[in-house]
Structures are given as C-alpha cells and as structure tokens.
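What follows is a short report on a single structure.
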Amino acid sequence: MVESPGYVTLEIEGRKVKLPVVVGSEGEKAIDIGNLRRETGYVTLDPSFMNTAACYSQITFVDGEKGILRYRGIPIEELVQKTMFVEVAYLLVHGELPNEEERRNFSRLLNRNSLLHEDMRHFFDHFPQGAHPMHILSTMINALAAFYPNVDLKSMADDIDLSCARLISIVRTMAAFAYKKSIGEPVVYPRHDLSYCANFLNMMFDSPVSPYQIRPEAVRILNILFILHADHEQNCSTTAVRSIGSAQVNLYATISAGISALSGPLHGGANQAVIEMLRMIQADGDVKKFINMAKDRTNPFRLMGFGHRVYKTYDPRAAIIKKECNAYLERIHYKDPLLDVAREVEEIALTDPYFIERHLYPNVDFYTGILYRALGIPENMFTVMFALARLPGWIAHWKEMIGGATKIVRPRQIYIGKTLADTMEAMAVREVLTQN
Ligand code: ACO
C-alpha cells in the first residue's frame, strides 16, 4: 500500500511502520527494508532472491518483460553493430566507451599482460587428461594471486586498468593453453599484432604444421558473442562475485568463484548442455517426445537453452545470435544438422501452451553452441568462452561493489531445525535407554 510518494506503510502486530520506496533511473520500484529488523524484529524471506534487489548498480539494465538489455545505457543491438569486445570491456569497467587514445592504451595494456608466467604454464601438465577446462580455469585464476602478489584491495582498485587488463588478457591465454594441452599440441603464444579475438582464435587453432588462417568474419562473430555475454546484471555468477568480493577477497579469488558458479548447467554450462540435448534429439528423431518430456513435471529433463529467471519474452541476445547464426553459417557454407533440430524445437515449443503460459523462450545459450561449433570451438570449451566474455562484467561489478559502501554479504535465515526442547527430550530418552 503506497501511503505517500516515497513510503509504504507496513502493519505488523498492530504497529504501523513506514518503509521508504526507492525508484531506479528506469522507473523500477523497490521497498527499502534495510531497517525492518531493527524496527520490528522481522526479516523478509525470499529464497533464491526471486524478488530481492541486492544492490544499486549503474552497469547494466535489463527489462525482462520488454526484452531490453543495455550496458551503461547503450542498447545491446547498437553495441553489437558499432563496437568491438575490447571497447565494451572498457565501457563496462569504466562507465564510458573509450576515445581513440584510451582504446589504444587499453589495447597496449592487454598486449603487455597477455603472457602467462612461465612457471604457471607447467601447472597445465598436472591436470588429468579430460579434466573439464572450467575446473582448470578456476584453479589457475585462483593461483594468479600467488604469482602477482599485489592483491590487496587498494592496489587492485587503484590500478584497476592493470588488474582488469591482466585478467582479461591472461585468462584468454590460459583458456587457449588449456585447450592445446587437452589435445596434446604445443601451446601458441599471444601476438601483439593481433586484436583480442583474432589472437584468441590464433592461439586456439594455429599449429606448427598447419598455420591458422584468421578469417575476419570469424573474428566478427566472436566479437559479437563476447559482447552479448559481457554482462547481465545480478545473475548467479555475478552475485557470487559480489558476495565473495564483499569479504574483501582479492580479485583473482573472487573471479575464480564466478567461474565456478558459471560452470553449472543451469547457468553458463547450458550452452554445452544445449548441444548435447540437440544431438540426443537428432539421434532419436522424435522432437515432440523431448518436448513432452520437458513438460512432464515428474521428469527432470528440461529444454536446455529455454527459460530465464528475468526474461519473460524473447531474450534479446538470443534474437541477435539466431540472426547472426543463420547469416554466418550461410556465408561460410556450413551446414549444421543441429541447427535444423534447434529450429524445429523452437517452433514447436513456441506454439505449445506449456511454454506460452510460462513465458519460456529461447535464452542466449540456445543458438550459441551452434555458432561455436561453426568456429571450430570444442564443446567442453563453450562455457570457457562464456567465462572469457563475462570477465569485464564481473570486474565492473567487483569495482562498483568495493567502491561503494558495501558491507559483507550476510543474509539471514529462518531456522526450522530442532529446538533445544526437542534435543533435551531426545537426550533424556537416550540417557534412560543407556541406563537400562
Ligand atoms: N524446460 C521445461 N520447463 C521449464 C524450463 C525448461 N527449460 N524452464 C522453466 N521451466 C518451467 C518450470 O518447470 C516451472 O514450471 P512450473 O511452474 O510448472 O513449476 C516454470 O517453467 C518456471 O520455471 P522456474 O524453474 O521456476 O524458473 P527459474 O527462474 O527458477 O529458472 C532457469 C530459470 C534456471 C533458466 C530455467 O528456465 C532452466 O532451467 N532453463 C534451462 C537451463 C538453461 O537454459 N539455463 C541458461 C539460462 S541463461 C544463462 O544462465 C546465461
């Protein structure tokens, strides 16, 4: 109940408490319950934060009902058309797109920090064959703190350009090294003459026996994919980053936690899970059977790449990827039978009442894997690609969080376990039994 602009009144146990209303710059309203417990003894209960704004943020705006995504006020559609990933990284971390000089300086910093410490390179030899690259990546990023010891909060914040460039650049090198190790090929070092995405493709696919031809259209697609994944406000991994960072953990350990959160199949791991699902459907041939399985509440199967906590309409990133995927595959004359399966799944799902009623649409991951396949990226690297792209977003949130008056994140709970009376009773019974 809105009592006056700026307040709502809550009646608890016959007492009226005024709670301030806050309104975001895009009109989103919230009730500030910061003083609720102090004033009433009550807390709020909101498992999985379905209805809780955990912070103020100036980085990314998402309107899940209208399908809007903007970084620092700029629509995602425009960024995809007019910018490169490195510029978007700068935008997220610094708040503005770089001018020419800033862009050059940032690129120079990325180049200067692209090499991994040689001692770290040997770490790769000790992971077992077949280890998932996301596990390797989170471990390696955590280890960075031991190699670059200036990890106290102040040094990192003061030197955010360097901290940011080192992470964005080095993690790309790590990812490519992890892949080369997994296929038993010598690693390829980064080159200063190549752009960020071209460099990554070269490190992944160049080999002493077969030089890699860097195709501009592949570089463009990778830029688009990275831009689309660069931030998405308070998603699971970003929330992990902000929560863990609030304990004043160094940036490397914080990002490592973000990578771990992202690896889950309900989050960043979904892009790999989508391809596995599409392959399963293709092998079976009966799309409707899988749609019915997804609708069956007794069956744990879900349509991977469908649904989103925030978007209740078509994910704007999925719309861009779908269009780019069709165009790119056509341009390079690449026929992927999984694309046909994906189209059929989408078509059936979008006309099915189950999906319509629940507002379940393809999310960013539905078509991403098909594009990665066309780029030659192996499936177990898909989530790593997502992590590379999300780094600037995580760093921006970390920077915003430590720059504000954030207290350590520490939610409350409603305890529903045994009471002291229960345990005393059980202990008394036990005592009687042992005495007998
Ligand atoms: N297939 C079938 N049913 C689904 C799906 C799906 N993919 N997603 C949601 N539903 C159903 C749920 O069973 C639930 O039905 P009910 O009301 O009958 O109980 C209803 O839709 C609401 O779903 P929730 O699970 O409450 O939605 P939530 O916001 O918690 O979950 C999530 C969002 C995790 C993305 C979910 O839609 C999902 O599991 N999707 C598949 C995994 C996936 O694609 N993840 C990537 C997300 S994007 C990203 O992380 C970058």
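Quick look at the values:
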quantity: Span from the the range 317-372 Cα centroid across to the the range 108-151 one, whole angstrom; calculated: 34 Å
quantity: Calculated from backbone phi, Karplus (6.51, -1.76, 1.60) coupling profile of the range 287-296 in Hz, x at Gly/Pro; calculated: 4, 4, 4, 6, 4, 5, 4, 5, 7, 7
quantity: Anchor residue 289: lysines whose Cα lies under 26 Å away (excluding residues fewer than 8 positions away in-chain); calculated: 312, 322, 335
quantity: Cα-centred dipole magnitude for the range 44-128, charges only on beta-carbon of K, R (+1) and D, E (-1), debye, nearest 20; calculated: 160 debye
quantity: Positive-end extreme of charge dipole, the range 201-328 - chosen from 234, 204, 249 (charges on Cβ); calculated: 234
quantity: Cα-Cα P(r), the range 246-388, percent of pairs per 5 Å interval; calculated: 2, 9, 18, 22, 20, 13, 8, 4, 3, 1, 0
quantity: Charge tally in the Cβ shell below 13 Å around residue 125, where Lys, Arg are +1 and Asp, Glu are -1, residue 125 excluded; calculated: +1
quantity: Residue 68 long-range amide H proximity, modeled H, under 5 Å; calculated: 63
quantity: Nearest 10 degrees, 0 to 90: helix 382-403 Cα axis against the chain principal axis; calculated: 50 degrees
quantity: Order of 21, 62, 93 under a 10 Å beta carbon neighbour criterion, fewest first; calculated: 21, 62, 93
quantity: Length-normalised contact order for the chain - Cα pairs under 8 Å, 6+ apart - percent; calculated: 19 percent
quantity: Rounded to 10°, Cα long-axis angle of helix 365-375 versus longest principal axis of the chain; calculated: 20 degrees
quantity: Cα convex hull of the range 58-179, projected area averaged across orientations, nm²; calculated: 9.7 nm²
quantity: Label-point separation, residue 26 to residue 52 (7 Å along Cα→Cβ), nm; calculated: 2.2 nm
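FYI, it's all coordinate maths here, none of it is from the lab. Keep in mind that this is a model prediction, so the values were computed, not measured. Note that we place each Cβ from the backbone using ideal geometry, even for glycine, and neighbour counts take in every protein chain shown.
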